[in-house]
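S.K.: Just passing along the structure, written as structure tokens.
Read-outs throughout are calculated quantities, based only on the coordinates presented, and are distinct from any laboratory measurement. These figures come from a predicted structure and were not determined experimentally. Every residue, glycine among them, receives a Cβ derived from its backbone with ideal geometry; neighbour counts consider all protein chains shown.
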Amino acid sequence: MRFVGHRDVARIVERALRRCGVPITYSEGFSPRVRMSFGLALPTCYESEAEYLDVPLDPDSVVDGQIACTGWGQGKIHSEQQMQIALSEALPTGFDVVALTVEPKGGRSLQETVVSCGWKFDILGAVTQEVEEAIERALAGSEIETERKKKNELVRENIRYGVYDLRMEGESER
């Protein structure tokens, strides 16, 4: 699923939720949209071992962790485990619901819960010793400066505060 963009993933999940009759909530206004937020939007061409998202449910349809379905699933009441299976079956090949939790209304949001994420990179053609030395320098310093283009302007940022761990995990297989 590396080449599926974030908005496409959101649309795929939204359709699966509707197929299962999950009592999702919508924004208000002229063009209501499903209220759904992803922990971190994954860039296109990146893979993830886990995607996290918040989907606020209609509070009247959740009783003691059981979900009363609407639409095509109307009349059915599912436990978290049953809903997880139903959603996995409604999603295309390559998308699986590994875990599902019904949080009480007013509980912590996903943005409040997630404190870090990990990234793995293949560095092709690099000398192991040089990479290890660069990692040591980066972790010893107070700054790791990056550049990126933002609104046609080159912006420099110090990302050191967000780097908790940095290590090399062996030789690349490529």
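S.K.: What is the extension gain from Glu51 to Phe3, computed as 0.36 nm multiplied by their sequence separation minus the C-alpha to C-alpha distance, in nm to one decimal?
M.R.: Full-extension gain reported as 15.8 nm.
S.K.: While we're on this one: Determine the relative contact order of segment 120-174: mean sequence separation of Cα pairs under 8 Å and six or more apart, normalised by residue count, in whole percent.
M.R.: Taking the mean separation of contacting Cα pairs over the length of segment 120-174, I get 37 percent.
S.K.: From Cα pairs below 8 angstrom and at least 6 apart in sequence, can you work out the relative contact order of the chain, rounded to a whole percent?
M.R.: Taking the mean separation of contacting Cα pairs over the length of the chain, I get 17 percent.
S.K.: With the cut-off at 1.5 for a/c, could you classify segment 120-174 from its C-alpha gyration tensor as rounded, prolate or oblate?
M.R.: Note, shape of segment 120-174 comes out oblate.
S.K.: Mind checking the dipole of the chain: about its Cα centre, +1 per Lys or Arg Cβ, -1 per Asp or Glu Cβ, Debye to the nearest 20?
M.R.: Once rounded to the nearest 20, the dipole reads 900 debye.
S.K.: Would you calculate, for the chain, the mean residue ellipticity at 222 nm contributed by helices, counting each DSSP H stretch of 4 or more residues as -39,500 (n - 2.57) and dividing by all residues, to the nearest 500?
M.R.: Helix contribution divided over all residues of the chain: -7000 deg cm²/dmol.
S.K.: Can you list the lysines whose alpha carbon sits under 28 Å from that of Lys105, skipping same-chain ones fewer than 8 residues off?
M.R.: List returned: Lys76.
S.K.: Now for a separate question. Cα centroid distance between segment 1-54 and segment 97-174, in Å?
M.R.: 23
S.K.: To continue, here is another question. What distance in nm separates the two pseudo spin-label positions at Cys117 and Arg35, each 7 Å out from Cα along the beta-carbon direction?
M.R.: 2.3
S.K.: Which one, Gln111, Gln129, Gln66, has the greatest fluctuation when you compute a Gaussian network model over the chain with C-alpha springs under 10 angstrom?
M.R.: Gln129
S.K.: Among [x] 145; [y] 182; [z] 196, find the value of volume of the Cα convex hull per residue in Å³ that was calculated from the structure presented, and write down its label.
M.R.: [y]
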